[in-house]
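The structure appears below as structure tokens.
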Amino acid sequence: MTNPITYELLNLAQRAGAQAADYIRQSRYGHDLEIQTKSSPTDMVTKVDKETEIIIKETLLGARPHDGFIGEESDEITSSEITWVVDPIDGTTNFVYGFPVFAVSIAARDGLGHTLVGLVIDVYHDDYFYATLDGGSFLNNRSIAVSNTNSLSQALISTGFSYDKTTRISQAKTVARLIGEVRDIRRAGAASLDLCYLAAARTDGYYEVGLWPWDYEAGTLIVREAGGVVSSLTSDQPSQELTIAGNPNIYKELRELLLVG
Ligand code: IPD
Ligand code: CA
Ligand code: CA
């Protein structure tokens, strides 16, 4: 059962997310995106990333001024109670190219660090993936569940690559090791949607090195509430070290394969 406060947080996230998604759609076409680079020459940020984060922050903190905020494009605001974790555009490279896989990701966690709400909006398709703690996962009001594929050799696995060249080279070696052991590999370009696609049985598993909480927090709740498993290598929480996710049947096999190297 989802409690009334959690519903209130979900409604607020959906309001902020809808405004953000509308703004991103309007900005995509015919406007100068003012592209800059961040951690490496391949890591882009546009003025739309920054402006979208402001829109989300103003809506969330306008309604709940004492909440904390962790966003990819701004300084952290701490709080001992609810904290919002936001990626204004997950999949910026796709957004810049018009490759139709980019998302707004918004999560709310409580003072103990439990994620209460996760919302990921697939902006191009206007699809809303969301979950509340113990309340299940949904895609546009329809309940979703992970696949029941039960062998890694039959599993469709998604992954992503870092913006850092050295990390990428090592990630390519992992892919080379996995490709002969699975049905196929996908690299869609937005970690939050990789997790949602797993939750909706569009893939069977996912892993990636180097993610941040704004990439995985909302998607992790959506996978778990859809019956899937998400962890790192050394704990039951995803982390920068590694995020591994899967339906419960193939998760262990995937984790064991990733442990090897
Ligand atoms: C990136 C995307 C990508 C993943 C990168 C992320 P951004 O986020 O989620 O799929 O492979 O690790 O940094 O930069 O587009 O918000
Ligand atoms: Ca991201
Ligand atoms: Ca981003």
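The values are calculated or read from the model by the stated rules, or taken from the named source; none is laboratory data. All values derive from a computational prediction rather than experimental measurement. A quick note on method: Cβ atoms are made from the backbone with ideal geometry, for glycine too, and the neighbour counts reach across all protein chains shown.
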Filtered residues of region 61-83 (kept if within 27 Å of residue 159 (Cβ to Cβ) and of a type outside the set (Val, Ile, Thr)): 71, 72, 73
Mind listing whichever residues of region 157-186 are touching a Phe, Trp or Tyr at 6+ places or on another chain (Cβ under 7 Å) and touching a residue at least 24 places away in the same chain (Cβ under 8 Å)? 157, 158, 159, 171
Go through the residues of region 189-196 one by one and say whether even a single one is in contact with a helix residue (DSSP H, G or I) (Cβ under 9 Å, 6 or more places away or on another chain) and charged (D, E, K, R). yes
Residues that are modelled with pLDDT under 95, of a type in the set (A, V, I, L, M) and within 16 Å of ligand 1 (Cβ to nearest atom): does region 123-142 have at least one? no
Does at least one position in region 14-37 carry a residue that is more than 17 Å from residue 105 (Cα to Cα), within 16 Å of ligand 3 (Cβ to nearest atom), outside any helix (DSSP H, G or I) and free of Cβ contacts under 8 Å to residues at least 12 places away in the same chain? yes
Within region 83-99, residues being within 12 Å of ligand 3 (Cβ to nearest atom) and either free of Cβ contacts under 8 Å to residues at least 40 places away in the same chain or surrounded by fewer than 20 Cβ atoms within 10 Å (Cβ to Cβ) (or both) number 2
Here are the criteria: (1) within 14 Å of ligand 2 (Cβ to nearest atom); (2) touching a residue at least 60 places away in the same chain (Cβ under 8 Å). Tell me which single one residue 46 does not satisfy. (2)
Please indicate, with yes or no, whether at least one residue in region 35-47 is at pLDDT 90 or above and assigned by TED's automatic domain parsing to the domain that holds residue 129. yes
Residue check: is residue 218 in contact (Cβ under 8 Å) with a residue 24 or more places away in the chain and closer than 21 Å to residue 95 by Cα? yes
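Table: residues versus (1) among the aromatic types (Phe, Trp, Tyr); (2) surrounded by fewer than 24 Cβ atoms within 10 Å (Cβ to Cβ); (3) under 16 Å from the mean Cα position of the chain (by Cα).
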residue: 106; (1), (2), (3): no, no, yes
residue: 117; (1), (2), (3): no, no, yes
residue: 127; (1), (2), (3): no, yes, yes
residue: 134; (1), (2), (3): no, yes, no
Would a scan of region 201-216 turn up a residue that is closer than 16 Å to residue 128 by Cα and surrounded by fewer than 23 Cβ atoms within 10 Å (Cβ to Cβ)? yes
Residue that is of a type outside the set (Lys, Arg), more than 9 Å from ligand 1 (Cβ to nearest atom) and over 12 Å from the mean Cα position of the chain (by Cα), where the choices are 218, 226, 199: 226
Which residues, taken from region 60-116, are within 16 Å of ligand 1 (Cβ to nearest atom) and of a type in the set (A, V, I, L, M)? 70, 85, 86, 89, 96, 101, 103, 104, 106, 107
If you check residue 33 against the conditions, is it more than 16 Å from the chain's Cα centre (by Cα), crowded, with 19+ Cβ neighbours inside 10 Å and more than 16 Å from ligand 2 (Cβ to nearest atom)? no
Looking at region 86-99, can you tell me whether even one residue there is at pLDDT below 95, within 16 Å of ligand 2 (Cβ to nearest atom) and among the aliphatic types (A, V, I, L, M)? yes
